[in-house]
Amino acid sequence: MSEDPRHISSHSLISGVCETVTAHDVHLWIAGLDLDAEDVGRLWRLLTEEERHRALLFRFPLHRNRFVAARGLLRRILARYVEQSPEAIRLTIGPNGKPEIACPYPCAIHFNVSHCEAFAAYAIANTRRIGIDIERIRTLQDSVGISRQFFAPEEQVELAAMPHEQKEQGFFACWTRKEAYLKACGLGFSVELDTFAILAAATPRLTRVDWEPDDIGRWTFATFAPCDNYTGTVVVEGTNWTLTQRLWPDHAF
Ligand SMILES: CC(C)(COP(=O)(O)OP(=O)(O)OC[C@H]1O[C@@H](n2cnc3c(N)ncnc32)[C@H](O)[C@@H]1OP(=O)(O)O)[C@@H](O)C(=O)NCCC(=O)NCCS
C-alpha cells in the first residue's frame, strides 16, 4: 500500500457487486450522467419520494435526468459498500446539507458527491470524513477579479505567480480544493471563503483556518482529473491513505 496519498491507481471497469474500503483506502468513482431513457427509468425507481419530488422541481429534462442519474448511481454505489439494496439506504442531511448514511447501517462508511454538467464524482472512505469537488476548466473573463472575491490573499498571491497558461487550471484547482474542504467539514458555503487558505505548493495543504486552527495538519488533499478539461480534489481526514479511481461501468445501471 502506498504511503503517498497523492498516488492514484486507475481501473477502467469494476464488475464485482460488493466493495470493501479499508481505513487506508479512499475510493473515487467517476460516472457519466447523460444516460438513455431506459437507464434513467431504472435509477428513478431507486429514489425515495422526497428525491423524486426534488427531481420534478427541475424545469429542464436534461437537468432532471442528471439529478436522477447522480442520486440513483449514488444509491447503487453505496449499496456495494453497505450491502443493502440501493433503494433501502437511508440518508440523513446535516445542518448545512451534507448527506450521510443513516444508522443502523455501518456508519463507518463516509461519502461525498460532486457533479458538474454531465459528470459526477463519488468519494468513499471508512471512518474518515471526506469531501470532493469537480469543476470543468473554462475561460474566465476576469479571473483576477473573481479570485479577489473568493480566494484568500495568500491563495491570490500563489495564483498571480503562476505562468499565464496555467492560470485557468490553477484557478479551478484552487476552487475545488476550497470547496472540497468545506464539504469534508460539512459546512458548504456557510463560511466566508477568505477565512481559510489552502496552498497548492508541491502538495496541497491547509495553511490557515481562522475558525478552526487545529484543522491544519488534520486533512490530506489529492488532486485528480475526472476526465479531459476537468479538475477535481478529494479531501480526507488524516494521513496514510491511498486513492483508487474507478469508472462506473456502462452496463451496471
Ligand atoms: C454543498 C455546496 C458547497 C455544493 O455546491 P455545488 O458546487 O453546487 O455542488 P457539488 O456538485 O459539488 O455538490 C453537491 C453535492 O454535495 C452534497 N452536499 C450538499 N450540501 C453539502 C454540505 N454542506 N457539505 C458537504 N456536501 C454537501 C450533496 O450530495 C450534493 O449533491 P445533491 O445536490 O445531488 O444532493 C453548496 O451547495 C452549499 O454550500 N450548500 C449548503 C447551503 C448553503 O450554504 N447555501 C448557500 C449557497 S451560497
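Residues to consider are Arg42, Arg76, Arg128; find the one that is outside any helix (DSSP H, G or I) and away from the ligand (no atom under 12 Å from the Cβ).
Arg128
Residues being assigned to a loop (DSSP other than H, G, I, E, B) and closer than 16 Å to Arg128 by Cβ: count how many of those fall in the range 186-229.
Looking only at that region, the number is 3.
Somewhere in the range 168-185, is a residue more than 16 Å from the ligand (Cβ to nearest atom) and part of a loop (DSSP other than H, G, I, E, B)?
No, the conditions are met nowhere in the range 168-185.
Across the range 131-167, what is the total count of residues that are within 16 Å of the ligand (Cβ to nearest atom), exposed (fewer than 14 other Cβ atoms within 10 Å of the Cβ) and in contact (Cβ under 8 Å) with a residue 12 or more places away in the chain?
The qualifying residues number 2.
Checking the condition closer than 30 Å to Asn229 by Cα and assigned to a strand (DSSP E or B), which residue from Ala121, Ala69 passes?
Selected residue: Ala121, the only one of Ala121, Ala69 that is closer than 30 Å to Asn229 by Cα and assigned to a strand (DSSP E or B).
Out of curiosity, is Asn240 of a type outside the set (Ser, Thr, Tyr) and closer than 26 Å to Arg71 by Cβ?
For Asn240, the condition - of a type outside the set (Ser, Thr, Tyr) and closer than 26 Å to Arg71 by Cβ - is not met.
Sort out which residues of the range 79-125 are in contact with an Asp or Glu (Cβ under 6 Å, 6 or more places away or on another chain) and more than 9 Å from the ligand (Cβ to nearest atom), and write them in order of number.
If the condition is that a residue be in contact with an Asp or Glu (Cβ under 6 Å, 6 or more places away or on another chain) and more than 9 Å from the ligand (Cβ to nearest atom), then Arg80, Tyr81, Thr92, Ala118 are the ones that fit.
Pick from the range 190-221 the residues that are within 16 Å of the ligand (Cβ to nearest atom) and under 20 Å from His110 (Cα atoms): which of them is surrounded by the most Cβ atoms within 10 Å (Cβ to Cβ)?
Trp219
With (1) crowded, with 18+ Cβ neighbours inside 10 Å; (2) within 24 Å of Leu243 (Cα to Cα) as the list, and Glu117 as the residue in question, which single condition is left unmet?
Among (1) crowded, with 18+ Cβ neighbours inside 10 Å; (2) within 24 Å of Leu243 (Cα to Cα), the lone unmet condition for Glu117 is (1).
Just so you know, all these numbers are worked out from the coordinates, no wet-lab data involved. All figures in this text were calculated on a predicted structure; none of them were measured in a lab. Cβ sites come from the backbone with ideal geometry, for glycine too, and all protein chains shown count toward neighbours.
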